[in-house]
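Asks: This is the structure, below, for whatever I ask next.
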Amino acid sequence: MKKLKINSFKCTFVLRHRWEEGSKSILKNYEAHKIRTNWQLGIWARIDKVVGSVKQGSNKTETVKKTFTGENLVNDYYIGLNLIVCKVWVNFSFKPTFGF
């Protein structure tokens with residue numbers, strides 16, 4: 001996994017392969033277990049909404065209220081390849097400001 005951050009633009013490159021240690025447990029590398037048991041070939045894309053950066057308030061309660069609002073959502077984009085023996089994807093997110 002390789003991460004890149006430029007201002008509000010964040011990008012992550014991930015490569016997972018069949019020979020990784022894996023387990024059915026989510027806490028013990030469930031993604032590697034899925035790659036080993038599911039044989040897939042294809043291209044995929046996904047868009048999610050995630051919470052953006054932390055907005056500081058005067059105390060902890062205000063910080064939580066400012067951070068977890070509808071205005072602080074960021075689009076999170078995934079583009080990936082499933083290549084039978086490995087899975088590769090790029091994840092990037094940014095908040096378009098348009099001068100605001």
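Asks: Looking only at the stretch 28-55, filter to residues that are farther than 28 Å from Phe94 by Cα and in a helix (DSSP H, G or I); which one of those is modelled with the highest pLDDT? Before you say what the answer is, go through the steps one by one.
Replies: First, pick out the residues of the stretch 28-55 that are farther than 28 Å from Phe94 by Cα: 28, 33-41.
After this cut, where a residue has to be in a helix (DSSP H, G or I) as well, the list is 28, 33-37.
On the way: Lys28: 73, His33: 76, Lys34: 79, Ile35: 78, Arg36: 79, Thr37: 82.
Across the stretch 28-55, the extreme among qualifying residues is Thr37.
Asks: Which of the following residues is out of contact with any helix residue (DSSP H, G or I) (no Cβ under 6 Å at 6 or more places or on another chain) and closer than 18 Å to Lys5 by Cα: Trp89, Trp44, Trp39?
Replies: Trp89
Asks: Name the residues in the stretch 1-27 that are modelled with pLDDT of 80 or more, of a type in the set (D, E, K, R) and surrounded by fewer than 11 Cβ atoms within 10 Å (Cβ to Cβ), would you?
Replies: Lys2, Lys3, Lys5
Asks: Ser58 - would you say it is surrounded by fewer than 14 Cβ atoms within 10 Å (Cβ to Cβ), polar (S, T, N, Q) and within 22 Å of Phe94 (Cα to Cα)?
Replies: no
The values are calculated or read from the model by the stated rules, or taken from the named source; none is laboratory data. This structure is a prediction, so every number in the text was calculated from the model and none was measured. Cβ: placed from backbone, ideal geometry, glycine included. Neighbour counts: every protein chain shown.
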